[in-house]
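Heads up: the structure comes next, in C-alpha coordinates.
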Amino acid sequence: MIAMDQIIREGDPILRQKTEKVELPASEEDKETLSEMLQFVKNSQDDEMVKKYQLRPGVGLAAPQIGISKRMLAVHFTDFHDKSYSYGLFNPKILSHSVEKTYLQNGEGCLSVDRDVPGIVPRYARITVKATTLEGEEVKLRLKGYAAIVLQHEIDHLDGVMFYDHINQDNPFQPPENSTPAE
Ligand SMILES: CNC(=O)c1cccc(C)c1Nc1nc(N2CCN(c3ccccc3Cl)CC2)nc(N2CSC[C@H]2C(=O)NC)n1
Ligand code: NI
(Lines give C-alpha, C1' and ligand atoms only; values in the text may rest on other atoms or scores of the structure.)
(Ligands and ions follow the chains in the order given, each with its own letter.)
Protein backbone atom coordinates (compact mmCIF):
# COMPACT_ATOMS: atom_id res chain seq x y z
CA MET A 1 0.00 0.00 0.00
CA ILE A 2 1.36 3.45 -0.91
CA ALA A 3 1.65 5.74 2.15
CA MET A 4 2.49 9.45 2.44
CA ASP A 5 6.14 8.74 3.29
CA GLN A 6 6.53 7.33 -0.24
CA ILE A 7 5.32 10.57 -1.85
CA ILE A 8 8.27 12.50 -3.29
CA ARG A 9 8.24 16.17 -2.21
CA GLU A 10 9.29 19.20 -4.24
CA GLY A 11 13.06 19.72 -4.35
CA ASP A 12 13.70 16.14 -5.45
CA PRO A 13 15.07 16.35 -9.04
CA ILE A 14 12.86 13.46 -10.20
CA LEU A 15 9.89 15.88 -10.13
CA ARG A 16 11.66 17.99 -12.76
CA GLN A 17 12.54 15.13 -15.12
CA LYS A 18 10.75 14.18 -18.30
CA THR A 19 9.44 10.63 -17.84
CA GLU A 20 10.00 7.65 -20.13
CA LYS A 21 7.18 6.09 -22.13
CA VAL A 22 5.90 2.78 -20.75
CA GLU A 23 6.53 -0.25 -22.98
CA LEU A 24 3.14 -1.63 -24.04
CA PRO A 25 1.60 -4.10 -23.41
CA ALA A 26 2.45 -3.10 -19.87
CA SER A 27 4.47 -5.49 -17.74
CA GLU A 28 2.88 -7.08 -14.69
CA GLU A 29 5.14 -4.85 -12.59
CA ASP A 30 3.96 -1.63 -14.26
CA LYS A 31 0.32 -2.75 -14.01
CA GLU A 32 0.78 -3.54 -10.31
CA THR A 33 2.37 -0.13 -9.68
CA LEU A 34 -0.38 1.76 -11.52
CA SER A 35 -3.03 -0.23 -9.69
CA GLU A 36 -1.44 0.73 -6.35
CA MET A 37 -1.36 4.38 -7.44
CA LEU A 38 -5.09 4.29 -8.23
CA GLN A 39 -5.81 2.59 -4.90
CA PHE A 40 -3.81 5.31 -3.10
CA VAL A 41 -5.92 8.05 -4.70
CA LYS A 42 -9.11 6.22 -3.69
CA ASN A 43 -7.77 5.69 -0.14
CA SER A 44 -6.90 9.39 0.11
CA GLN A 45 -10.62 10.18 -0.26
CA ASP A 46 -11.83 7.65 2.31
CA ASP A 47 -12.28 9.15 5.81
CA GLU A 48 -11.30 5.92 7.58
CA MET A 49 -8.11 5.47 5.54
CA VAL A 50 -7.23 9.19 5.80
CA LYS A 51 -7.52 9.00 9.58
CA LYS A 52 -5.76 5.65 9.90
CA TYR A 53 -2.79 6.48 7.62
CA GLN A 54 -2.72 10.32 7.84
CA LEU A 55 -3.29 10.61 4.11
CA ARG A 56 -3.60 13.97 2.29
CA PRO A 57 -6.60 13.87 -0.02
CA GLY A 58 -6.01 14.09 -3.74
CA VAL A 59 -7.78 13.25 -6.99
CA GLY A 60 -4.69 12.35 -9.00
CA LEU A 61 -1.17 10.92 -8.69
CA ALA A 62 1.65 10.71 -11.27
CA ALA A 63 4.41 8.06 -11.19
CA PRO A 64 7.29 10.52 -10.53
CA GLN A 65 5.52 11.39 -7.25
CA ILE A 66 6.35 7.90 -6.00
CA GLY A 67 9.85 8.00 -7.47
CA ILE A 68 9.10 6.24 -10.76
CA SER A 69 10.07 8.21 -13.88
CA LYS A 70 7.51 6.60 -16.18
CA ARG A 71 4.57 8.02 -18.16
CA MET A 72 1.72 6.74 -16.05
CA LEU A 73 -0.84 8.37 -13.77
CA ALA A 74 -3.97 7.59 -11.78
CA VAL A 75 -7.08 9.75 -11.30
CA HIS A 76 -10.23 9.17 -9.25
CA PHE A 77 -12.83 11.92 -8.79
CA THR A 78 -16.33 13.20 -9.49
CA ASP A 79 -16.47 16.52 -11.31
CA PHE A 80 -18.73 19.50 -10.52
CA HIS A 81 -21.44 18.01 -12.72
CA ASP A 82 -21.35 14.68 -10.87
CA LYS A 83 -19.56 12.85 -13.70
CA SER A 84 -17.14 10.29 -12.22
CA TYR A 85 -13.68 9.41 -13.50
CA SER A 86 -11.50 6.56 -12.29
CA TYR A 87 -8.53 5.61 -14.44
CA GLY A 88 -5.00 4.29 -14.43
CA LEU A 89 -3.46 5.66 -17.63
CA PHE A 90 -0.28 4.64 -19.49
CA ASN A 91 1.37 7.14 -21.89
CA PRO A 92 -1.35 9.82 -21.76
CA LYS A 93 -0.99 12.42 -24.51
CA ILE A 94 -2.94 15.64 -25.09
CA LEU A 95 -3.96 15.43 -28.78
CA SER A 96 -5.72 18.79 -28.92
CA HIS A 97 -6.97 21.58 -26.66
CA SER A 98 -9.22 24.63 -26.71
CA VAL A 99 -7.96 28.17 -26.95
CA GLU A 100 -10.24 29.03 -24.04
CA LYS A 101 -8.77 28.58 -20.57
CA THR A 102 -10.23 27.69 -17.20
CA TYR A 103 -8.98 27.54 -13.61
CA LEU A 104 -9.85 26.56 -10.05
CA GLN A 105 -10.90 29.70 -8.18
CA ASN A 106 -9.08 28.49 -5.03
CA GLY A 107 -5.91 27.65 -6.91
CA GLU A 108 -4.34 24.20 -7.01
CA GLY A 109 -2.76 21.90 -4.47
CA CYS A 110 -0.30 19.03 -5.02
CA LEU A 111 0.62 16.04 -2.85
CA SER A 112 4.29 16.78 -3.55
CA VAL A 113 3.99 20.40 -2.36
CA ASP A 114 3.67 20.79 1.43
CA ARG A 115 2.78 24.48 1.28
CA ASP A 116 0.02 26.69 -0.02
CA VAL A 117 0.98 28.35 -3.28
CA PRO A 118 -1.77 30.93 -3.85
CA GLY A 119 -2.71 32.01 -7.34
CA ILE A 120 -4.69 31.17 -10.43
CA VAL A 121 -3.33 28.26 -12.49
CA PRO A 122 -4.45 28.77 -16.12
CA ARG A 123 -5.43 25.50 -17.82
CA TYR A 124 -7.00 24.71 -21.19
CA ALA A 125 -10.80 24.56 -20.73
CA ARG A 126 -11.15 21.51 -23.00
CA ILE A 127 -8.64 18.81 -23.93
CA THR A 128 -8.63 15.52 -25.83
CA VAL A 129 -6.35 12.90 -24.23
CA LYS A 130 -5.24 9.62 -25.84
CA ALA A 131 -3.95 6.91 -23.48
CA THR A 132 -3.93 3.20 -22.71
CA THR A 133 -5.84 2.21 -19.58
CA LEU A 134 -4.70 -0.09 -16.80
CA GLU A 135 -7.02 -2.68 -18.38
CA GLY A 136 -5.10 -2.34 -21.66
CA GLU A 137 -7.66 -0.51 -23.78
CA GLU A 138 -6.81 2.53 -25.89
CA VAL A 139 -9.07 5.42 -24.95
CA LYS A 140 -9.64 8.94 -26.28
CA LEU A 141 -10.98 11.14 -23.46
CA ARG A 142 -12.70 14.42 -24.27
CA LEU A 143 -12.49 16.42 -21.04
CA LYS A 144 -13.59 19.85 -19.88
CA GLY A 145 -13.68 21.89 -16.65
CA TYR A 146 -12.45 20.16 -13.50
CA ALA A 147 -11.62 16.91 -15.34
CA ALA A 148 -9.52 18.83 -17.88
CA ILE A 149 -7.72 20.64 -15.03
CA VAL A 150 -6.92 17.45 -13.12
CA LEU A 151 -5.56 15.64 -16.20
CA GLN A 152 -3.42 18.65 -17.18
CA HIS A 153 -2.01 18.84 -13.62
CA GLU A 154 -1.07 15.14 -13.63
CA ILE A 155 0.22 15.06 -17.24
CA ASP A 156 2.39 18.10 -16.34
CA HIS A 157 4.10 15.91 -13.69
CA LEU A 158 5.13 13.50 -16.47
CA ASP A 159 6.98 16.41 -18.12
CA GLY A 160 8.58 17.78 -14.94
CA VAL A 161 6.16 20.73 -14.71
CA MET A 162 4.71 21.85 -11.34
CA PHE A 163 1.35 23.70 -11.09
CA TYR A 164 2.96 26.88 -9.77
CA ASP A 165 5.07 27.15 -12.95
CA HIS A 166 1.85 28.41 -14.61
CA ILE A 167 0.99 31.12 -12.04
CA ASN A 168 1.38 34.72 -13.29
CA GLN A 169 4.20 36.04 -11.06
CA ASP A 170 3.26 39.70 -11.62
CA ASN A 171 -0.38 39.22 -10.70
CA PRO A 172 -1.11 35.72 -9.40
CA PHE A 173 -4.84 36.40 -9.07
CA GLN A 174 -5.42 37.87 -12.51
CA PRO A 175 -7.77 35.58 -14.43
CA PRO A 176 -6.10 34.70 -17.75
CA GLU A 177 -7.35 36.17 -21.04
CA ASN A 178 -10.27 34.29 -22.54
CA SER A 179 -11.00 32.22 -19.43
CA THR A 180 -13.88 31.23 -17.17
CA PRO A 181 -13.54 29.57 -13.74
CA ALA A 182 -14.26 25.83 -13.58
CA GLU A 183 -17.54 25.23 -11.76
C1 LIG B 1 -11.98 21.54 -5.61
N2 LIG B 1 -11.21 22.17 -4.56
C3 LIG B 1 -10.35 23.16 -4.87
O4 LIG B 1 -10.16 23.51 -6.01
C5 LIG B 1 -9.54 23.74 -3.79
C6 LIG B 1 -10.18 24.27 -2.65
C7 LIG B 1 -9.42 24.92 -1.66
C8 LIG B 1 -8.04 25.01 -1.77
C9 LIG B 1 -7.38 24.45 -2.89
C10 LIG B 1 -5.87 24.55 -3.02
C11 LIG B 1 -8.13 23.82 -3.91
N12 LIG B 1 -7.49 23.22 -5.02
C13 LIG B 1 -7.38 21.87 -5.19
N14 LIG B 1 -8.10 21.06 -4.38
C15 LIG B 1 -8.00 19.72 -4.63
N16 LIG B 1 -8.72 18.84 -3.87
C17 LIG B 1 -9.85 19.34 -3.09
C18 LIG B 1 -10.16 18.46 -1.91
N19 LIG B 1 -10.26 17.06 -2.32
C20 LIG B 1 -10.83 16.18 -1.35
C21 LIG B 1 -10.75 16.47 0.02
C22 LIG B 1 -11.30 15.59 0.94
C23 LIG B 1 -11.94 14.42 0.55
C24 LIG B 1 -12.05 14.13 -0.80
C25 LIG B 1 -11.48 15.01 -1.75
CL26 LIG B 1 -11.67 14.65 -3.43
C27 LIG B 1 -9.07 16.56 -2.98
C28 LIG B 1 -8.70 17.40 -4.15
N29 LIG B 1 -7.19 19.19 -5.58
C30 LIG B 1 -6.51 20.08 -6.33
N31 LIG B 1 -5.77 19.57 -7.32
C32 LIG B 1 -5.20 20.42 -8.40
S33 LIG B 1 -5.41 19.42 -9.86
C34 LIG B 1 -4.99 17.95 -8.93
C35 LIG B 1 -5.75 18.15 -7.61
C36 LIG B 1 -5.13 17.32 -6.48
O37 LIG B 1 -5.43 16.15 -6.36
N38 LIG B 1 -4.29 17.94 -5.65
C39 LIG B 1 -3.70 17.20 -4.56
N40 LIG B 1 -6.56 21.41 -6.17
NI1 NI C 1 0.56 17.28 -8.24
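The values are calculated or read from the model by the stated rules, or taken from the named source; none is laboratory data. A quick note: this is a predicted structure, and the numbers were derived from the prediction, not measured. Quick reminder, even Gly has a Cβ in these numbers, built from the backbone with ideal geometry, and neighbours come from all protein chains shown.
Just so you know, in the range 91-109 the residues that are assigned to a strand (DSSP E or B) and within 16 Å of ligand 2 (Cβ to nearest atom) include one that is nearest to GLU20 (Cα to Cα), and it is PRO92.
The single residue among GLU23, GLU29 that is in a helix (DSSP H, G or I), on the phi < 0 side of the Ramachandran plot, surrounded by fewer than 21 Cβ atoms within 10 Å (Cβ to Cβ) and away from ligand 2 (no atom under 14 Å from the Cβ) turns out to be GLU29.
Condition check for PHE77 on (1) over 16 Å from MET162 (Cβ atoms); (2) assigned to a strand (DSSP E or B); (3) in contact with a helix residue (DSSP H, G or I) (Cβ under 6 Å, 6 or more places away or on another chain); (4) not β-branched (Val, Ile, Thr): one failure, at (3).
Among what's in the range 55-82 and is surrounded by fewer than 16 Cβ atoms within 10 Å (Cβ to Cβ) and either touching a residue at least 12 places away in the same chain (Cβ under 8 Å) or within 12 Å of ligand 2 (Cβ to nearest atom) (or both), pick the residue that is nearest to GLU10 (Cα to Cα).
GLY67
Tell me yes or no: at least one residue of the range 135-155 is surrounded by fewer than 21 Cβ atoms within 10 Å (Cβ to Cβ), within 15 Å of the chain's Cα centre (by Cα) and among the hydroxyl-bearing types (Ser, Thr, Tyr). No, the range 135-155 contains no residue that is surrounded by fewer than 21 Cβ atoms within 10 Å (Cβ to Cβ), within 15 Å of the chain's Cα centre (by Cα) and among the hydroxyl-bearing types (Ser, Thr, Tyr).
In this structure, does GLN45 turn out to be within 16 Å of ligand 2 (Cβ to nearest atom) and closer than 24 Å to PRO13 by Cα? Lay out the reasoning, then the answer.
Details: within 16 Å of ligand 2 (Cβ to nearest atom): yes; closer than 24 Å to PRO13 by Cα: no.
No.
Candidates TYR87, TYR103: the one that is touching a Pro at 6+ places or on another chain (Cβ under 8 Å) and crowded, with 20+ Cβ neighbours inside 10 Å is TYR103. Using the structure shown, decide if LYS52 is more than 16 Å from ligand 2 (Cβ to nearest atom), free of Cβ contacts under 8 Å to residues at least 60 places away in the same chain, in a helix (DSSP H, G or I) and under 14 Å from the mean Cα position of the chain (by Cα). So LYS52 does not fit the description; no.
Being within 13 Å of ligand 1 (Cβ to nearest atom) and more than 13 Å from the chain's Cα centre (by Cα) is the filter here, so list the residues in the range 55-80 that pass it. First the steps, then the outcome.
Of all residues in the range 55-80, those within 13 Å of ligand 1 (Cβ to nearest atom) come to 55-62, 65, 73-80.
Of everything in the range 55-80, those that are within 13 Å of ligand 1 (Cβ to nearest atom) and more than 13 Å from the chain's Cα centre (by Cα) turn out to be LEU55, ARG56, THR78, ASP79, PHE80.
I'd like the full set of residues that are surrounded by fewer than 18 Cβ atoms within 10 Å (Cβ to Cβ) and more than 8 Å from ligand 1 (Cβ to nearest atom), limited to the range 37-46. Steps first, answer last, please.
Within the range 37-46, the first condition is being surrounded by fewer than 18 Cβ atoms within 10 Å (Cβ to Cβ), and the residues that meet it are 39, 42, 45-46.
GLN39, LYS42, ASP46 - these are the residues of the range 37-46 that are surrounded by fewer than 18 Cβ atoms within 10 Å (Cβ to Cβ) and more than 8 Å from ligand 1 (Cβ to nearest atom).
Quickly run through the range 124-183 and pick out the residues that are away from ligand 2 (no atom under 16 Å from the Cβ), in contact with a Ser or Thr (Cβ under 9 Å, 6 or more places away or on another chain) and among the hydrophobic types (A, V, I, L, M, F, W, C). Across the range 124-183, the qualifying residues are ALA125, ILE127, LEU134, VAL139, LEU141, LEU143, ALA182.
For first residues located in the range 158-183 and more than 19 Å from GLY11 (Cβ to Cβ), partners that are at pLDDT below 95 and lie 6+ apart or on another chain with Cβ distances below 6 Å form the pairs GLU183/PHE80.
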